[in-house]
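What follows is a short report on a single structure.
The values are calculated or read from the model by the stated rules, or taken from the named source; none is laboratory data. Remember, predicted model here, so these are calculated numbers, not experimental data. Here the Cβ is made from the backbone with ideal geometry for all residues, glycine too, and neighbour counts use every protein chain on show.
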Amino acid sequence: MGWRISARIADILTKGGDNQSIKREEALTLMGLELHSRETYALMETATRLSRKHYNGKGENHLHIGINVAPCPLNCTFCSLAEKAGIFTERTEFPEADIMDWARLAESQSADALNVMTTGTYSFERLLEIGRMLNKKVAIPLVANTRDIDHREAAKLLDAGFDGAYHAVRLGEGIVTPLKVEKRIRTITVLNDVGLRWMNCVEPVGPEHSKEEIVNLMFLAKDHGATYSGVMRRINFPGSPMEKYGMISELEMARMVAVSRLVMGNGPKAHCTHEPNTASLIAGANLFFPEVGASPRDGTADTAQGRGKGITACKAMQMEMGWNPDLKSNCFL
């Protein structure tokens with residue numbers, strides 16, 4: 001008797017485990033579970049069972065390439081690339097040779113995608129040039145991670161060889177960023193309209209964010225048909241104005257990853273977490289982002305020399321947790 005979970009939680013998990021997307025109030029209930037409880041571990045088990053079946057045991061790895069470092073005038077307070085952060089004072093673009101070396105290494109290590117990230121004021125035309133270059137040289141799906149765009153620009157991404165685009169309404173959008181939620185959502189609609197795969201994550205999660213805020217973004221991902229979603233925690237770079245709030249733990253993130261997985265149901269092609277961690281791999285996540293180049297979480301220009309984990313390390317973590325990174329990607333079928 002003492003090992004049973006409550007009937008209410010059992011009903012929600014049975015529903016979620018049967019690939020029926022749970023309701024908002026049910027997601028909020030799960031978000032409120034005590035972290036070290038039978039219910040939380042039952043939640044995580046339900047989510048990982050669902051993902052292992054739905055994704056056929058595939059561990060995904062999409063290499064993030066941050067192609068430029070710059071003191072960004074948008075000044076999102078969680079970002080180490082913000083001008084106000086004072087960490088990066090010079091504008092630097094990684095040479096094409098470096099970008100190609102990273103891409104070829106990714107191809108040789110059987111990465112599933114290249115996620116090409118730029119800062120908010122980086123030249124869109126230059127991003128297109130890099131996309132065309134990569135598309136000619138490597139046979140890996142390309143994902144753009146750039147500013148808000150319109151239909152004409154989205155069509156140009158497709159023409160340049162991009163298969164998808166990462167875009168998120170960030171937690172605290174319009175408060176800790178200068179951007180409007182409505183504009184971010186409009187870009188998501190644009191991506192879907194032109195046929196780019198829309199990639200998403202609920203991010204960057206900190207202790208100051210309410211359950212309601214977080215769950216709202218989970219349902220945004222579901223309602224707009226994200227190719228993948230998941231949860232990324234905020235990483236506080238040294239001197240970050242967000243340091244006063246602290247950070248959530250990997251275990252807290254894993255609980256959120258599990259809730260997000262049950263919210264998404266059978267729609268997504270993968271479920272992500274960041275930074276790479278083993279806890280989330282037993283909570284419904286199967287997608288990691290190894291990193292090179294610029295990162296908004298790092299004070300080192302090339303995150304491969306700092307916080308970023310490589311493809312080999314990410315694959316090893318997945319294999320330790322029973323995921324097979326060598327199977328074919330589900331995201332680009």
Notebook entry, point to check: Say we look at region 219-244 and pick out the residues that are in contact (Cβ under 8 Å) with a residue 60 or more places away in the chain and touching a strand residue (DSSP E or B) at 6+ places or on another chain (Cβ under 6 Å); which of these is surrounded by the fewest Cβ atoms within 10 Å (Cβ to Cβ)?
Noted result: THR227
Check: For region 81-89, does any single residue satisfy the condition of being crowded, with 21+ Cβ neighbours inside 10 Å, within 20 Å of THR303 (Cα to Cα) and within 22 Å of the chain's Cα centre (by Cα)?
Finding: yes
Check: If the Cβ limit is 7 Å and pairs must be 6+ apart or interchain, which residue in region 284-297 that is closer than 16 Å to PRO325 by Cα and in a loop (DSSP other than H, G, I, E, B) pairs with which residue that is of a type in the set (Ser, Thr, Tyr) and modelled with pLDDT of 95 or more?
Finding: GLY284/THR48; GLY284/SER51; ALA285/THR273; ASN286/SER51; ASN286/TYR55
Check: Which residues, counting only those in region 250-273, are farther than 20 Å from THR29 by Cβ and either assigned to a loop (DSSP other than H, G, I, E, B) or of a type in the set (S, T, N, Q) (or both)?
Finding: ASN266, GLY267, PRO268, LYS269, THR273
Margin query: Any residue at all in region 8-24 that's hydroxyl-bearing (Ser, Thr, Tyr) and more than 28 Å from ALA283 (Cα to Cα)?
Written below: no
Checklist line | Residue in region 170-183 that is assigned to a helix (DSSP H, G or I), touching a Pro at 6+ places or on another chain (Cβ under 7 Å) and over 23 Å from THR46 (Cα atoms) present | finding: no
Notebook entry, point to check: Pairs under 8 Å by beta carbon, first residue among the polar types (S, T, N, Q) in region 105-117, partner part of a strand (DSSP E or B), six or more apart or different chains?
Noted result: ASN115/HIS62; ASN115/LEU63; ASN115/HIS64; ASN115/ILE65; ASN115/VAL143; ASN115/ASN145; ASN115/TYR166; ASN115/MET199
Next item on the list: Have a look at GLU320, GLU275 and point out the one that is modelled with pLDDT of 95 or more and within 16 Å of the chain's Cα centre (by Cα).
Entry: GLU275
Note to self: For region 226-249, which positions are among the acidic types (Asp, Glu) and in a loop (DSSP other than H, G, I, E, B)?
What the structure shows: none
